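Let me begin by presenting the structure, written as structure tokens, before commenting on it.
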Amino acid sequence: MRVLGVDPGTQVTGYGVIETGNGTPGMGRLIECGVFRFARTNSLPHRLAELHHEIAQLIKRHQPAVLALEDAFYHKNVRTTLVLGHARGVILLAAQQQGLDIAQYAPAMIKKTVVGAGGARKNQVGAMVAHLLRLKNAPQPADAADGVAAALTYILRS
């Protein structure tokens with residue numbers, strides 16, 4: 001089974017695809033991870049359209065069964081929370097259009113599941129992702145490691 005984990009954003013969205021089962025040792029095998037970057041100078045609707053396109057292409061390329069998505073956190077800046085909600089919406093739309101099962105986790109739940117502490121720092125998340133998947137180094141940048149951590153959360157909690 002393949003799981004696509006996504007750390008949403010309208011400027012940077014991190015993702016990771018993990019394959020489990022079929023004799024794959026441990027937590028699974030990292031297939032691909034990275035980030036999508038969107039120009040701040042583009043309008044929000046343009047960035048959201050780009051995000052939808054990139055996620056849809058990722059789903060078509062890897063054929064995951066599940067999308068594990070980081071839930072919106074409530075930021076002091078209401079606009080930041082609202083914009084993040086828009087990004088989550090287009091990611092959910094792309095996953096639903098392809099018939100994926102969808103799991104959503106609070107950021108603290110992802111950190112607690114992967115690291116053991118809900119207040120873990122980004123470097124700790126990256127280090128544990130590398131350890132769990134037997135990687136030489138943590139996925140870079142940190143947003144990619146966060147996407148992989150979302151996928152690992154689904155695997156560990158299933």
Problem - Distance (nanometres) between label positions extended 7 Å along Cα→Cβ at GLN63 and ARG121 - result: 4.2
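Using alpha-carbon pairs under 8 Å, 6+ residues apart, how would you state the relative contact order of the range 57-115 in percent? Kindly include the intermediate steps, with their values, before the conclusion.
Values: 48 pairs, mean separation 28.4, N = 59.
Contact order relative to length: 48 percent.
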Handout entry: Exposed-loop-free span, longest in the chain, where trypsin sites (Lys or Arg not before Pro) count as exposed if DSSP calls them loop and at most 16 other C-beta atoms lie within 10 Å
Key = 77-120
Completion exercise
One finds, for SER43 and ARG134 with R0 = 30 angstrom and r their Cβ-Cβ distance, a FRET efficiency to the nearest 0.05 of 0.10
Problem - Neighbourhood charge, 13 Å Cβ-Cβ cut-off, centred on GLN104 and excluding it, Lys, Arg +1 and Asp, Glu -1 - result: -2
Exercise for the section: Choose one answer from ALA49, ALA94, ALA145: the residue with the largest mean-square fluctuation in a GNM of the chain with alpha-carbon springs under 10 Å. Expected result: ALA49
Fill in the blank from the handout: Note on the range 8-99: C-alpha Rg/Rh, Kirkwood Rh, two decimals, gives 1.01
Exercise for the section: Just tell me the longest site-free run in the chain, where the sites are chymotrypsin sites (Phe, Trp or Tyr not before Pro) in a DSSP loop having at most 15 other beta-carbon atoms within 10 Å. Expected result: 75-158
Practice task
Return the carbon/sulfur percentage of the accessible area of the chain, one whole number, probe 1.4 Å, all protein chains in place.
Solution key: 51
Handout entry: Average accessible surface area per residue within the range 60-158, 1.4 Å rolling probe, Å²
Key = 54
Practice task
Quote the relative contact order of the chain in percent (integer), defining contacts as alpha-carbon pairs under 8 Å separated by 6+ residues.
Solution key: 33
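The values are calculated or read from the model by the stated rules, or taken from the named source; none is laboratory data. On a predicted model such as this, the values are computed, not experimentally measured, just so you know. No Cβ is skipped: glycine too gets one built from the backbone with ideal geometry, and neighbour counts run over all protein chains shown. Just the protein is used for accessible areas: all its heavy atoms, side chains included, with ligands, DNA and RNA removed. Shrake-Rupley method; radii C 1.70, N 1.55, O 1.52, S 1.80 Å.
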